[in-house]
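Notes follow the structure.
The values are calculated or read from the model by the stated rules, or taken from the named source; none is laboratory data. As the structure is a computational prediction, the values presented were derived from the model and not from experiment. Neighbour counts are summed over all protein chains in view; Cβ atoms, including those assigned to glycine, are modelled from backbone coordinates with ideal geometry.
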Amino acid sequence: MSVLETLAAWAANREHVWSNIVLDRAMHAFADTIACTVAGSADPVSLKVAQGLKAWGSGSATVMGTDSKVPAPWAAMVNGTAAHVLEIDDNFYPALTHASAVLVPALIALGEEIDASGTELLDAYIVGLELHATLGRGVNRSHYFAGWHPTATVGCIGTAGACARLLKLNTVQTIAAMSLAVSMASGNKAQFGTEAKSFQCGMSASNAIVAARLAAAGLQGNPEVLEDPQGFLSLYGGPAPRGWDEPLKKLGNPLALEEFGLAPKRHACCGSAHNAIDCVLDLKREHGFTASDVETIDILVGASNKKNLRYDDPVDEFQARFSMHYNIALALLQGTVTLADFTSEAVQRKAVRDLFKVTRLKARAFEDEPKDPDDRPPHIVTITLKDGRKLEAQRIYARGLIQDPYSDEERLAKIVACCEPLISTSALDSLVRELAGFRTLQSIRSLTATLGAKHD
């Protein structure tokens, strides 16, 4: 069997039974991503994408935050952009993707079209996330280091498999869906710090639906496209791709969602900065220093992380989301990194910019890092205070992962913070109830009716 045949057979035929911990984590991912999408729905980038698609007809899928109904691929494109645009959506470490920001918009849009239940959406999400993991483990870190945006490449292929699962396609059709998605998998890290970065997420979600629908109609692709000499691994793999043998051994054994969970964000910036931000906050709590006490902060991250954090002197909110210097300054000054910190005015604050000089960012050499994305060396922060003391902290996992998880109260607080400015109190109450009971939703349309209405 080819790599794709193995993945598709698992995706199409794996029994529809999951542990409670896996279902709970999938529910948390839907809730977190929907909240991020609501928050991002009013962003100018999301509005531009919606406007650009406006002339292409109506449909049955909701553009969140509006009363517009469009075809499912277009809803996924807008909502996927909105889910990712504010950089508060979760990360998925085994794949190095923002998995939920592709999977959730695609599955909700397609689910609304076919009137799927909450249980069916969770099932497809869990399958899709495992496909993300296996595909990502095959090409990363090399793929990521080469400049590909795995959310839009790996994410498109894995999410096509999730859409095939939701449509109840058979193995042959699932092979076709994922093979076609390889042809549509694109997106690069040169767009980080621009409006196009979040659009690549929406594009991936949209293309995944298209691939699954075309496969359902009988369109075929090469079942060996992942390992073909002119296929995905060879073309997209970067300088030292890991290959498929070891990742396939881990397919569903155990599920990546069970072993690693997801990485929901509490800081509204690139996840590559989160370990260092949390280290600074940990040290502040322990030692009680302030920004004015700091002489220097030396930070060691991975090679790809430093490439992501490319803006030492950001000029706008897009670049600021990918600036270690900006976000460390926020952590020092105010102890938080919030959505309000990413406006053109906020980025120009003198008190923040004056602190850029204290941060010194270095990276490990790519050759010194493990090939397996599941193996994560720590990010290390060393703070030298003006009184001569040196303080050090390191983190492999940011706050919010299963190693340092959020409480139910913290998850709810994020939903409220994202949604409260944009929807009415009654709509927010309804949304919170529906998200808490996602497993029992008879139809996703009841939830999208809440998300689609405009509110003062």
Exercise for review: Please tell me if K390 is crowded, with 17+ Cβ neighbours inside 10 Å and charged (D, E, K, R).
Suggested key: no
Check your understanding: Has segment 55-72 got any residue that is surrounded by fewer than 23 Cβ atoms within 10 Å (Cβ to Cβ), farther than 28 Å from L339 by Cα and polar (S, T, N, Q)?
Key -> yes
Point to revise | Any hit, segment 41-55, residues being hydrophobic (A, V, I, L, M, F, W, C), farther than 28 Å from L214 by Cα and in contact with an Asp or Glu (Cβ under 6 Å, 6 or more places away or on another chain) | key: yes
Review point. Is it the case that some residue within segment 183-195 is under 23 Å from K48 (Cβ atoms) and of a type in the set (D, E)?
Key: yes
Practice item. Please indicate, with yes or no, whether at least one residue in segment 220-235 is without any contact (Cβ under 8 Å) to a residue 40 or more places away in the chain and of a type in the set (S, T, Y). Key: yes
Practice item. Considering only segment 1-91, give the helices (runs of 4 or more DSSP H) lying wholly within it that have at least 3 residues that are closer than 20 Å to A196 by Cα. Key: 20-40, 44-53, 72-85
Point to revise | Residues being assigned to a loop (DSSP other than H, G, I, E, B) and either buried (at least 18 other Cβ atoms within 10 Å of the Cβ) or modelled with pLDDT of 95 or more (or both) - total across segment 423-438 | key: 2
Point to revise | Residue in segment 419-436 that is closer than 23 Å to R285 by Cα and without any contact (Cβ under 8 Å) to a residue 12 or more places away in the chain present | key: no
Study note, to complete from the structure: Across (1) over 21 Å from G136 (Cα atoms); (2) at pLDDT 95 or above, A99 clears everything bar (1)
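Looking at A95, A101 in this structure, which one is small (G, A, S), out of contact with any Cys (no Cβ under 9 Å at 6 or more places or on another chain) and either assigned to a loop (DSSP other than H, G, I, E, B) or closer than 22 Å to C163 by Cα (or both)?
When all the criteria are applied, what remains is A95.
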**Study point:** Residues of segment 315-333 satisfying the condition of being surrounded by fewer than 23 Cβ atoms within 10 Å (Cβ to Cβ) and in a loop (DSSP other than H, G, I, E, B)
**Key:** V315, D316
Point to revise | Number of positions in segment 340-370 that are closer than 19 Å to H274 by Cβ, in contact (Cβ under 8 Å) with a residue 60 or more places away in the chain and surrounded by fewer than 16 Cβ atoms within 10 Å (Cβ to Cβ) | key: 2
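To keep it simple, each residue is scored yes or no on (1) of a type in the set (S, T, N, Q); (2) in contact with a helix residue (DSSP H, G or I) (Cβ under 7 Å, 6 or more places away or on another chain); (3) not assigned by TED's automatic domain parsing to the domain that holds T159.
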| position | (1), (2), (3) |
| --- | --- |
| V38 | no, yes, no |
| D43 | no, yes, no |
| K48 | no, no, no |
| Q51 | yes, no, no |
| S58 | yes, no, no |
| M64 | no, yes, no |
| D67 | no, yes, no |
Exercise for review: Go through the residues of segment 153-168 one by one and say whether even a single one is in contact with a strand residue (DSSP E or B) (Cβ under 6 Å, 6 or more places away or on another chain) and at pLDDT 95 or above.
Suggested key: yes
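Let me confirm something: among P373, P378, which residue is surrounded by fewer than 16 Cβ atoms within 10 Å (Cβ to Cβ) and closer than 21 Å to K306 by Cβ?
Numbers: P373 fails: surrounded by fewer than 16 Cβ atoms within 10 Å (Cβ to Cβ).
Being surrounded by fewer than 16 Cβ atoms within 10 Å (Cβ to Cβ) and closer than 21 Å to K306 by Cβ holds for just one of P373, P378, which is P378.
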Check your understanding: For segment 288-303, which residues satisfy the criterion of being of a type in the set (D, E) and within 9 Å of K386 (Cβ to Cβ)?
Key -> D293, E295
